[in-house]
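Contents: one structure, followed by commentary.
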Amino acid sequence: MHVDLYERLWMWGAGAIIALFLGSIGFAAASQGRLPPSHVETIAPRTAMSDPRFADRGVSINPDGSVDVTMVAMLFAFQPNEIRVPAGRPITFRMTSIDVIHGFQIVGTNANTMVIPGYVSQFTTTFDTPGEYLIVCNEYCGLDHHVMAATLIVEEGA
Ligand code: CUA
């Protein structure tokens, strides 16, 4: 079959771009551990509030100094809606939703994940700069999506 030279060039160019994009996803996943935070741990949304993993919500400090934050997202709030964590220490956030898909973004930081009913979203990050940060839901979840927010207070390391 005869394919015109320019058409062949475009096909190879488009194919190369697709290969580059797919390759970059594979590279980020394999070499940098950039993975979807969800879909590794499941939970029943209806009973999540009483599930032992989420019954005790808030901030807890581990013996090694690392910090866990357990939160639940719901229409239209985060619970708890104010959390205090120390600066300069790894903070592991664990979250789930009891109703629809929400977002969790700490404005001005790299903390950003979807919060999906049926799954536990987990990520670890460190905040170096003390201060007050706004947490917003960045997935449209309903009429009061725009008021769904919380506060993170990063305190000078103890
Ligand atoms: Cu929750 Cu938007």
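None of the figures in this text is laboratory data; all of them are computed from the coordinates on show. If you're wondering where the values come from, they're calculated on a predicted model, not measured in any experiment. Using ideal geometry, Cβ is built from the backbone for each residue, glycine included, and neighbour counts are taken over all protein chains shown.
Against the main long axis of the alpha-carbon atoms of the chain, helix 5-32 sits at an angle near 30°. In the elastic network of the chain, a GNM with C-alpha springs shorter than 10 Å, the most mobile of Leu75, Leu22, Leu143 is Leu22. Each of Val40, Met71, Thr151 was placed along the dipole of region 38-158 (beta-carbon charges, centred on the mean Cα), and the one lying farthest toward the positive end is Val40. The loop-placed GluC sites (Glu not before Pro) in region 1-83, going by DSSP, that have at most 15 neighbouring Cβ atoms within 10 Å of their Cβ come out as Glu41. Going by neighbour counts of Cβ atoms within 10 Å, the residues His145, His102, His2 line up, fewest first, as His2, His145, His102.
In plain terms, if you count all Cα to Cα distances in the chain and split them into 10 Å steps from zero, the share in each step is 10, 32, 28, 14, 8, 6, 2, 0 percent.
Computed per residue of the chain from DSSP H runs no shorter than four, each worth -39500 (n - 2.57), the mean residue ellipticity at 222 nm is -6500 deg cm²/dmol.
In loop segments of region 52-158 as defined by DSSP, the trypsin sites (Lys or Arg not before Pro) with at most 16 further C-beta atoms inside 10 Å of their C-beta are Arg53.
The P(r) of region 71-158 has a tail past 18 Å containing 37 percent of all C-alpha pairs. Computed over region 1-145, relative contact order equals 22 percent, with contacts defined as Cα pairs under 8 Å that lie 6+ residues apart.
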